[in-house]
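All remarks here apply to the structure that follows.
Here, each number is a calculation from the coordinates, and none is a lab measurement. Everything numeric here is computed off the predicted structure, so don't read it as measured data. No Cβ is skipped: glycine too gets one built from the backbone with ideal geometry, and neighbour counts run over all protein chains shown.
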Amino acid sequence: MRRLGTTRRTVRPIRTARGRPGRGALAVTVCAAALAALTTVPAQAGQPSHGERTRPHWELKDTGAPDARFRGLAAVSRHTAWLAGSGGTVLRTTDGGDTWRDVSPPGAGDLEFRDVEAFDARRAVVLAIGEGEASRVYRTADGGATWTESFRNTDARAFYDCLTFFDSRHGLAMSDPVDGKFRILSTRDGGRSWKVLPDRGMPVAQDGEAGFAASGQCLVSSGPRDVWLATGGAARARVLHSADRGLTWTATDAPIPAGDPARGVFALAFRDRAHGLAAGGDYRPDQSPPRAAARTADAGRTWRPADGPPPAYRSGVAWLPHSRTAALAVGPTGTDLTTDAGRTWRTVDSGSYDTVDCTPDLGCWAAGEQGRAARLEW
C-alpha cells in the first residue's frame, strides 16, 4: 500500500521445532506459568529491574543497525530469527539475538524490505515493496551468503505488500488491486519461481482498497490450503479468505475503523484454520480510533469486535505458543496482551515495535524502528 511506502503466521515462517519426548509438555507448562505472571505483574517499558526478571518481558537485542526499520520478521526458533527492513537490510541471528549477521542482498540498498519468510537458518524469502520494479522477491538457501532475485514486478500498476507460505514449497504474495482486483502471485518451488494466478475467483475491490505493508501480516496462512488477506483504505475494512491456496476468495467486513486511507486491518494471525485475530486502526500518531481489534472463530466468515481493544493502532499480532487464548499485539506505542482469545486486551509494555512472531519452542520476537529487535524472555 502506497500510504506506507515512504517510511510487515498464523503460519508465517515454516517452523520445524522438534525435541526430545516430553519437550512439548514442558513448553506448555512453562507457557502457562509465564502467562500467569503476565496477567498478575504490571510490566514496565524497556529493560526490567533485577526484581522483575522473573516475569516475561521483552529483552532488547542490539542489531547494530540503528538506521533500519524492521517491519519484516521471521522467527524460526528461540535461537534463530530473520529481520528485513529499510535500506535493503536483512539480518539473521542464530544465537538468540546476541549477535546479528548482515546478510543483505548485494545492490539492494534502495529497496524497502517489508516481509521475510524463513524455513530454517539457511533458507529464506524476502519481499521488497513499491510501485513497478521496486516490488521484488529474493531467495537464499545458504543463510544469506548468496541471493537470487526470483521475481521482479514489471507491471507499473502493481504494488506488492506481503508474503506467506503454506509449507516449504507452496507460497503466495499479494499486490494491491490491478484492474479492480487484488493480484495474487504463487510459487510451488519454495520461491524459486512465481506466476500470477487468475483473478476470476477474486471479489471486486472497493474504491481505494489496498493492503498495508506494515508488518508482513496482511497475508497469512494456516495449514496446507487456507489463507487470509487484510485490507484497508476504503469505506469498509475487510478480510478475504481462500481455502484453495488463492484461487477463489470470499470477502467479509471487519469491525475495525475504515473510511480513510490510513485506516483498516493491518495484521492477521490464525492459530488454526478457524480461530483468528485482526489488529489495526489508524496509523497516524495523532489518531487513536477505538475498535482496533477483532476476532473470529469460523475461519473469518464472521468477525466480532474486541470488547476491550488496544488503546491505539497496532500493526502486528501473534498467538503465544501452546495457548488457545493468549496473544500479543504490537505497535509504535506499545505491546498489548489478551488472555481470552481477543475479547479484551491490556497494555503490558510501552516500547515501539511494528511486528511480532512466535515459535513453538517459546521463541517470541518483535522488531521495529531504529533497529529495534527483542525476544520475549520467559
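Mind ordering 114-120, 185-191 by average Cβ neighbours within 10 Å, highest first?
Details: 114-120: 26.4, 185-191: 19.3.
Packing proxy ranking, top to bottom: 114-120, 185-191.
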Once label points are set 7 Å from the Cα along Cα→Cβ at both Gln287 and Asp142, what is their separation, rounded to one decimal in nm?
4.7 nm
In whole Å, what three semi-axes, largest first, describe the equivalent ellipsoid of the chain built from its Cα gyration tensor (square root of 5 times each eigenvalue)?
28, 24, 19
Under the Karplus relation with 6.51, -1.76 and 1.60 and θ = phi - 60°, whole-Hz ³J(HN,Hα) for region 337-346, x at Gly and Pro, equal 10, 10, 10, 10, 6, x, 6, 9, 10, 9
Mind putting together the pair-distance distribution for region 202-354? All Cα pairs, 10 Å bins, whole percent per bin, short to long.
13, 47, 33, 7, 0
Would you report the distance distribution of C-alpha pairs in region 222-312 as whole percents per 10 angstrom bin, up to the bin with the largest distance?
19, 51, 25, 5, 0
Across all Cα atoms of region 114-197, Rg and the largest Cα-Cα distance (Dmax), in Å, are 12.1, 39
Antiparallel versus total DSSP beta bridges in region 187-321: what percent is that, nearest 5?
95 percent
Amide H to amide H, which residues 5 or more places from Phe182 or on other chains are under 5 Å from it, using H placed in the peptide plane?
Ala205
Two pseudo-spin positions, 7 Å from Cα along C-beta at Val178 and at Thr250, lie apart in nanometres by 2.8 nm
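Taking 0.36 nm per intervening residue step and subtracting the Cα-Cα distance, what contour gain separates Thr344 from Glu131 on full extension?
Working: separation 213, 0.36 × 213 = 76.68 nm, distance 3.77 nm.
Computed gain between Thr344 and Glu131 is 72.9 nm.
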